[in-house]
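Note sheet for the following structure.
The values are calculated or read from the model by the stated rules, or taken from the named source; none is laboratory data. It should be emphasised that the depicted structure is a prediction, and the values quoted were computed from it without experimental measurement. All Cβ positions, even for glycine, are placed from backbone atoms using ideal geometry, and neighbour counts span all protein chains on display.
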Amino acid sequence: MAIAKGRDLQAENLLRNPPQSLHIVIPAICYIEALSTWEKEKYYTKKFAQELDKQINNSKRDLTSPNAKNFLSYLEQVKILNVSLLNDIQGRLSNAIEIILEKAELIQLEQLIIQDIAQATIIQPETLPIQNDIIDNLILRSIIEHANSHNQSVKVFLSGNTNDFGKQEVKTALHNAGIKYFTQTQNFLGWLQSQTK
């Protein structure tokens, strides 16, 4: 979603043209999370449009305020931009998914991981490294299990989701699995370049 929302300017270029030394892998469940986030984005945009419609109707009824006409004009522009922004996100998300499906290896969600996370969620949710987010726990566990089964290579995790993956216990779990964590593609590329010198 960082690419779709325009938060990481270099991520799409990295995906399109990865260095030969780079092998990209992504948990399959990340696609589900991205699509779920997309659904929320559409919902919030629709709710905002409904609020704009209310304000537009109120402004149209105000026949005496000198500001109502100007306010109405701005609201109508915002309504158009709201839809345009959603279309931008949709296009970038679609492109990002297409590129990732072409360039990245999928980490399939294993039954044991599902069982462990489900058990922890039901019985001891406080033991999960990421509270109140089953999907991110599944992603984290999938990444760690994949890293443990490929211990010969240098492993990096790149995610702009610092609210969940930036927590100390998560960073510690990644570090213990031999995974370097980056929040921005630019920082990762700087590190990668320093490794080749």
TODO: Mind telling me which of the residues A11, A68 ends up being free of Cβ contacts under 8 Å to residues at least 12 places away in the same chain and touching a Ser or Thr at 6+ places or on another chain (Cβ under 7 Å)?
DONE: A68
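Would it be correct to say that A4 is of a type in the set (G, A, S), within 27 Å of the chain's Cα centre (by Cα) and surrounded by 13 or more Cβ atoms within 10 Å (Cβ to Cβ)? Talk me through it step by step, then tell me what you get.
Working: of a type in the set (G, A, S): yes; within 27 Å of the chain's Cα centre (by Cα): yes; surrounded by 13 or more Cβ atoms within 10 Å (Cβ to Cβ): yes.
Answer is yes for this residue.
Of G190, G178, which residue is among the small types (G, A, S), in contact (Cβ under 8 Å) with a residue 12 or more places away in the chain and either within 18 Å of N13 (Cβ to Cβ) or surrounded by fewer than 16 Cβ atoms within 10 Å (Cβ to Cβ) (or both)?
Details: G190 fails: in contact (Cβ under 8 Å) with a residue 12 or more places away in the chain.
Answer to the check: G178.
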TODO: Give the residue that is surrounded by the fewest Cβ atoms within 10 Å (Cβ to Cβ), with candidates limited to residues of the range 21-43 that are touching a helix residue (DSSP H, G or I) at 6+ places or on another chain (Cβ under 9 Å) and within 18 Å of I80 (Cα to Cα).
DONE: K42
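Anything in the range 167-182 that is in a loop (DSSP other than H, G, I, E, B) and more than 17 Å from I134 (Cα to Cα)? List them, or say none.
Taking the range 167-182 first, the residues in a loop (DSSP other than H, G, I, E, B) are 167, 177-178.
Passing the criteria: A177, G178.
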TODO: Could you tell me whether any residue of the range 83-105 is of a type in the set (V, I, T) and over 30 Å from L14 (Cα atoms)?
DONE: no
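I want to confirm something. Restricting to the range 152-165 and keeping residues that are surrounded by fewer than 18 Cβ atoms within 10 Å (Cβ to Cβ) and under 18 Å from P27 (Cα atoms), which single residue is modelled with the lowest pLDDT?
Among those residues, the one meeting the criterion is S153.
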Open item on the list: Suppose we keep only residues that are of a type in the set (S, T, N, Q) and in contact (Cβ under 8 Å) with a residue 24 or more places away in the chain within the range 131-151. Which one would you say is surrounded by the fewest Cβ atoms within 10 Å (Cβ to Cβ)?
Closed with: N151
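Out of all the residues in the range 10-41, which are among the polar types (S, T, N, Q) and within 12 Å of the chain's Cα centre (by Cα)?
S36, T37
Looking only at residues that are part of a loop (DSSP other than H, G, I, E, B) and surrounded by 14 or more Cβ atoms within 10 Å (Cβ to Cβ) in the range 7-17, which one is modelled with the highest pLDDT? Show your work before the answer.
Step one: list which residues in the range 7-17 are part of a loop (DSSP other than H, G, I, E, B), which gives 7-10, 17.
Now narrow it down to the ones that are surrounded by 14 or more Cβ atoms within 10 Å (Cβ to Cβ): 8, 10.
On the way: D8: 87, Q10: 90.
That would be Q10.
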